[in-house]
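Have a look at the structure below, then the notes.
The values are calculated or read from the model by the stated rules, or taken from the named source; none is laboratory data. In this text the structure is predicted, and so the values were computed from the model without any measurement. Ideal geometry is used to build each Cβ from the backbone, glycine not excepted, and the neighbour counts take in all protein chains shown.
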Amino acid sequence: MSSAVRSRALPVLVLSSAIALGAVIAVGSASTPRTLLTCWFLLACPGLGLAPLVRLDDAVGTWTVAVALSVSIDIVVAGGLMYAGWWSPLTIFVVLAIIAGSGALIQLAMSREGRG
Amino acid sequence: MLYETEEARAHRLPSVTPPIVAVVRTHWPLLATVSGAVLWTAELIRVRPEDVGDAGLITALPAVAFVALALVCVGLGAALGRPQTSARSRAAHLLMLIFVLHGAPALPADVPSFSVTWRHVGVIEYIATHGSVDTGISAYFNWPGFFVLGALTGELAGLDSVLELTRWAPLVNNLLYLAPLIMIARSASDDPRLPWMAASIFYFTNWVYQDYFSPQGLTYLLYLSLFAIILTWLSGRRRPRRLRRRRTWRLRRWLQRRLRRRPVPASPRHEPVLRPSQQAMLMVICFVIVLAVVPSHQLTPFAILAGVSALALLGRGSFRGLPAIVLVLTVAWIMFAAGGYMNGHLDALKEDIGNLGSTVSSNVGSRVSGSDVHLAVTRLRLGIAVAVWALAALAAVRLWRRGGADRFVPHIALAAVPFGLVMMQAYGGEIMLRAYLFSIPFAAVLLASLVPARIDVASPLRVAAFSLATAALAASFLLTRYGNERIVLFTAGEVRAVERLTQTAPRGSLVLAPNPQLPWQAARVGEVRYRTLDSALAPGAGARPHDLAQAIEFVTTERRREPVFVVITRNNREFEHLFGGSTWGSIADLERSLAASPRFERTQSGPDAVVYALRWLSPGPAR
């Protein structure tokens, strides 16, 4: 796998995960794939959107940071909205998807810049 | 090829052995581990909760399961002992080990196990339903981070209850712990085997059972990740003072003259050098992690505070403001968000500070009780903990004597500082367990450093020694970790009985149980009150057995308008058998007393659970 493809794989994965989860939430029925996709999104995606921006050059390190950051962002965003009296799982998902998506788009932009 | 280095491959002569033999010869450790894991899984599926004896899961295992476990141990021992094993192969072995130790043991349970898990599900259900917390109902609501995340997961996944997710929480948590554990060990040495050995030691010696579906299970991941980040990228060393350095070197030279230096694990050849912008981003990430830990668990922030303060004092952290940030956030949360809880418990908490004798008594003395077999298991746990700490101390002394302690200083400090927590609180008799838990990741690195760094030849004897050591650790782990399975695993019958009671009890009902060991509080938290007889009845209430029903009636007289139920399940009885009777009396006396009392009516009856209702207060729906 070339470095250009590799650098785009993670942000594309994050964006597609957010879109896929949004789609299954819209459809509305509970299923095992939906549960797995939810767990994957909450455990990894917000962090995978942001952690590669640090450019750590260490796969184990990047994944460690990504998972810890994902869980932390989930708790901070969900807890913050709950204490503010705005508990809404859909709103929380949108906020998390925006965080993850923004990071992923910046990664894509940076990889394009690096290529150019 | 997984077990062949580049160099070995370059010098290999054309092979005349059949391909299948070559594959087996090369990959036999992985084949042994995988086949052992498959066999282990197949055997565990056949175990029934009813078969489990006083010593836990080990008593219900068929002989083939031990053969399976031996295969896993031989494979893992060979992978760790053979120098030519690749990192990818070691990772594969570790993943299999985690599944064997933490995934497969969930299979015997027909229903989610461990009573505390059910309570956590109840808190999550409350948040999902109400979108808020109520600190008046439960202390859990004072630190709701984990529960909020659980509620969000359940809602986004469209689940009625997150109960089914709890079954695999130990496996998922332990898989997530692996990457930060590897990073923590890697920060001490370039020896490619040390991280995997340290991780294996961690998984074999972590019998504490805090990786279930719980706030501490999740915040432990954040704890490990935070220190992995600090030790790997933010360990900028402050230059020691000139005078102090001169003394240190003089001491070291003096020691070197007297002690023969032997090889110790290789230090990192090139510590990662980050730009200031990268360091700044990592500091922000550390801040966000702390921001999530503080509202999620009451103890973990203090463990983090102790650790980062120790590193700051040793000059081993470039994020010097972190201890102050952790302190301010923790105090602010305790004062403002958890203020109600603190007001109610401040006196009790103050009493524990510095009261080491009482803490040790409540942590050790009260736990070493119960049936003879359970006592033996408890003593084995204490023995393993003492052995880990003693060997870690030995490793630290050895590293110091051989001039290799410098690179392990952060690990030595982080293995030692959790002891400071013992001085603070008894933590409901659990602080020593938690101190052990917080210290093992770093103690495991020290233990792994005891294995000689340079092993150039993969002798069968060495592989056998590694395999034997692994098998001994696995056997002790089965006893220490799964020694309580008799009370941890529930039967479908008792779950059905408790669920029926919870669903049909009128709003405002009081549900009483002899002890907390039953699958309850997973639903209608805030609508139904749950209480154990340990907390409701005075010591000696059952001095005359037939008084117990009367005593229950007496303590619930203020609830004349609300129904009162007493539920007794199979696991309540097992708990009493394993841990000894309660201060108020025995379950057998309680059952006799309730059955004989005209005030109580039996509303459910079966081998796994019985439910009684106060007759003149019980309304229709529960009958």
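Residue-level check: of (1) more than 11 Å from chain A (Cβ to nearest Cβ); (2) assigned to a helix (DSSP H, G or I), B:LEU149 misses just (1). Here the range A:62-89 is the region considered, the condition is being more than 17 Å from A:LEU43 (Cα to Cα) and assigned to a helix (DSSP H, G or I), and the residue that is nearest to the other protein chains (Cβ to nearest Cβ) is A:MET82. Look at the range B:128-146 and say how many of its residues are under 24 Å from A:ALA44 (Cα atoms), more than 7 Å from chain A (Cβ to nearest Cβ) and not in a loop (DSSP other than H, G, I, E, B). Matching residues across the range B:128-146 total 2. Select from the range B:80-100 the residues that are touching a Leu at 6+ places or on another chain (Cβ under 9 Å) and within 24 Å of B:ARG481 (Cα to Cα) and list them in ascending order. Residues satisfying the conditions are B:ARG90, B:ALA91, B:ALA92, B:HIS93, B:LEU94, B:LEU95, B:MET96, B:LEU97, B:ILE98, B:PHE99, B:VAL100. In the range B:152-166, the residue that is surrounded by the fewest Cβ atoms within 10 Å (Cβ to Cβ) out of those that are more than 7 Å from every other protein chain (Cβ to nearest Cβ) and part of a helix (DSSP H, G or I) is B:GLU164.
Entry remark, the range B:118-138: residues being within 18 Å of the chain's Cα centre (by Cα) and surrounded by fewer than 23 Cβ atoms within 10 Å (Cβ to Cβ) number 1 in total. Taking B:ALA505 as the residue in question, decide whether it is outside the structural domain of B:ALA63 (by TED's automatic domain parsing), farther than 30 Å from B:ALA104 by Cα and in contact (Cβ under 8 Å) with a residue 24 or more places away in the chain. For B:ALA505, the condition - outside the structural domain of B:ALA63 (by TED's automatic domain parsing), farther than 30 Å from B:ALA104 by Cα and in contact (Cβ under 8 Å) with a residue 24 or more places away in the chain - is met. Within the range B:182-213, the residues that satisfy the criterion of being surrounded by fewer than 22 Cβ atoms within 10 Å (Cβ to Cβ) and under 15 Å from the mean Cα position of the chain (by Cα) are B:VAL208, B:TYR209, B:GLN210, B:TYR212.
Considering B:PRO452, B:PRO410, the condition of being in contact with a strand residue (DSSP E or B) (Cβ under 6 Å, 6 or more places away or on another chain), touching a residue at least 60 places away in the same chain (Cβ under 8 Å) and farther than 24 Å from B:TYR212 by Cα is satisfied by B:PRO410 alone. Of all residues in the range A:1-43, those satisfying the criterion of being more than 8 Å from chain B (Cβ to nearest Cβ), among the polar types (S, T, N, Q) and assigned to a helix (DSSP H, G or I) are A:SER3, A:SER7, A:SER16, A:SER17, A:THR32.
Kindly indicate whether any position in the range B:313-322 is modelled with pLDDT of 55 or more, hydroxyl-bearing (Ser, Thr, Tyr), part of a helix (DSSP H, G or I) and closer than 26 Å to A:ALA66 by Cβ. Looking for residues that are modelled with pLDDT of 55 or more, hydroxyl-bearing (Ser, Thr, Tyr), part of a helix (DSSP H, G or I) and closer than 26 Å to A:ALA66 by Cβ, one finds none in the range B:313-322, hence no. Residues of the range B:380-390 being surrounded by fewer than 19 Cβ atoms within 10 Å (Cβ to Cβ) and within 18 Å of B:ILE487 (Cβ to Cβ), which ones? Result: B:LEU380, single match. For the range A:47-61, filtering for residues that are facing chain B (nearest Cβ under 10 Å) and assigned to a helix (DSSP H, G or I) leaves 8. Within the range B:167-192, the set of residues being in contact with a Ser or Thr (Cβ under 8 Å, 6 or more places away or on another chain) and part of a loop (DSSP other than H, G, I, E, B) comprises B:ARG167, B:SER187, B:ALA188, B:SER189, B:ASP190.
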